[in-house]
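Notes follow the structure.
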Amino acid sequence: MGRLPAAVLAVDAGNSKTDAALIGADGTVLGTGRSGGFQPPRTGVEAAVDVLARAVSQAAEAAGLAPPHPGGPYAARVSACLANADLPVEERRLADAIGARGWGGATEVRNDTFAVLRAGLADTGTAYGVAVVCGAGINCVGVAPDGRITRFPALGRISGDWGGGSGLAGEALWWAARAEDGRGEPTELASAVPGHFGFTSMAELIEALHLGAVGYERTHELVPVLFAVAAAGDQVAAAVVERQAREVVAMASVALGRLGLLGEEVPVLLGGGVLAAGHARLNGAIGAGLAEVAPRARVSVVAAPPVLGAGLLGLDAVGAPAEAYGKLRAHFG
């Protein structure tokens, strides 16, 4: 095969976007690319991997790769952290499908929560901690000093999950509808939710969503509306935000307990669009809740793009020199 253009092809794919980066052995980013959301449950595996391929092709083009590398292999290792790779069996199936594209000499697929975890951990010494991601959904992983890993299925309500962006948007709609028709408590959501879409009542918005005049995929826009109403003092909206905080604390504390880290000084890393947005009420309640059950935990938000974590995992696997990590972090920092 000869010398490959890059050491690592890093891929981070969420429900709404995919990022790819070709990374040299010294940590230099040779090229990046972006494409749409990665949703194999909806599109099927091959169509979902086609979405990854568009980001990979952009990264290759940006790196100046032309024949004899028109479609790969581009790197010694593909390090892919993917949404919807929630079970180990799904990770294996996706690794097989991506490996068949020939982008790298070896392919490893992990759930995208591992990218946030790795991005927030140190590059030297024994790295361990817990990460909670709250994006479209919610998930949590943790790693112990001895390498043991704990995780959750994170498949929605069937696996006991609550919240995330889609769940919070649904709560905003639910409470707004019930406030307007009298079944629920009064809340400013009843005007703020339809107002976001240019309507004067929930009845109008409900009809528009039901008949398709407003695409249901746009309901994710209601998450910042919910937080704004909560920040203004609305009790119903605030209760939803506080429940989300309790769910994050529950996942993190269970993961810490499984790993025997509740009493240790350990990083708890928060990532994903909902947590990275820095909502004071939400993140403050998470910090306070964790302080009660894991008083030595160090809570912080990972603001770096998750593709950094995928790249760092790839550098770990290829045995990159210490200086490569700093160079890669500087690029994405």
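The values are calculated or read from the model by the stated rules, or taken from the named source; none is laboratory data. Model, not experiment: these values are computed from the prediction. Note that we place each Cβ from the backbone using ideal geometry, even for glycine, and neighbour counts take in every protein chain shown. Just the protein is used for accessible areas: all its heavy atoms, side chains included, with ligands, DNA and RNA removed. Shrake-Rupley method; radii C 1.70, N 1.55, O 1.52, S 1.80 Å.
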For this session: Go through the residues of the range 184-197 one by one and say whether even a single one is buried (at least 23 other Cβ atoms within 10 Å of the Cβ) and in a loop (DSSP other than H, G, I, E, B).
Result: yes
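Table: residues versus (1) among the basic types (Lys, Arg); (2) within 18 Å of GLY14 (Cα to Cα).
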site	(1), (2)
ALA131	no, yes
VAL141	no, yes
ASP146	no, no
ARG157	yes, no
GLY160	no, no
GLY167	no, yes
For this session: Sort through ARG101, ARG118, ARG110 and tell me the only one that's surrounded by 17 or more Cβ atoms within 10 Å (Cβ to Cβ), basic (Lys, Arg) and in a loop (DSSP other than H, G, I, E, B).
Result: ARG101
Exercise. Does ARG298 count as touching a strand residue (DSSP E or B) at 6+ places or on another chain (Cβ under 8 Å) and of a type in the set (D, E, K, R)?
Worked result: yes
Problem set entry | Near pairs, Cβ below 6 angstrom, 6+ apart or cross-chain, from the range 161-180 (of a type in the set (Ser, Thr, Tyr)) to any residue that is open to solvent by 20 Å² or more (accessible area, probe 1.4 Å) | SER166/ALA136
Seminar exercise, completed: Out of (1) open to solvent by 40 Å² or more (accessible area, probe 1.4 Å); (2) at pLDDT below 95, the one GLU90 does not meet is (2)
Problem set entry | Residue selected from the range 198-212 under the condition open to solvent by less than 90 Å² (accessible area, probe 1.4 Å) and under 31 Å from the mean Cα position of the chain (by Cα), by the criterion farthest from GLY167 (Cα to Cα) | GLY198
Problem set entry | Answer residue from the range 135-183, given it is touching an Asp or Glu at 6+ places or on another chain (Cβ under 7 Å) and within 14 Å of ASP86 (Cα to Cα) and is surrounded by the most Cβ atoms within 10 Å (Cβ to Cβ) among those | ILE138
For this session: Keeping to the range 121-134, report how many residues are open to solvent by 30 Å² or more (accessible area, probe 1.4 Å) and in contact with a strand residue (DSSP E or B) (Cβ under 9 Å, 6 or more places away or on another chain).
Result: 3
Exercise. Out of (1) modelled with pLDDT of 95 or more; (2) under 23 Å from ALA317 (Cβ atoms); (3) surrounded by fewer than 16 Cβ atoms within 10 Å (Cβ to Cβ), the odd one out for GLY71 is which?
Worked result: (1)
For this session: Considering (1) modelled with pLDDT under 95; (2) closer than 20 Å to PRO305 by Cβ; (3) open to solvent by 50 Å² or more (accessible area, probe 1.4 Å), say which one GLN39 fails and leave the rest.
Result: (3)
For this session: Answer yes or no: is there a residue in the range 166-175 that is charged (D, E, K, R) and more than 20 Å from ARG218 (Cα to Cα).
Result: no
Exercise. Considering only residues of the range 226-252 that are part of a helix (DSSP H, G or I) and among the acidic types (Asp, Glu), which is nearest to ALA294 (Cα to Cα)?
Worked result: GLU247
For this session: Would you check if there is a residue in the range 210-227 being polar (S, T, N, Q), more than 19 Å from ILE286 (Cβ to Cβ), out of contact with any Asp or Glu (no Cβ under 7 Å at 6 or more places or on another chain) and touching a residue at least 40 places away in the same chain (Cβ under 8 Å)?
Result: yes
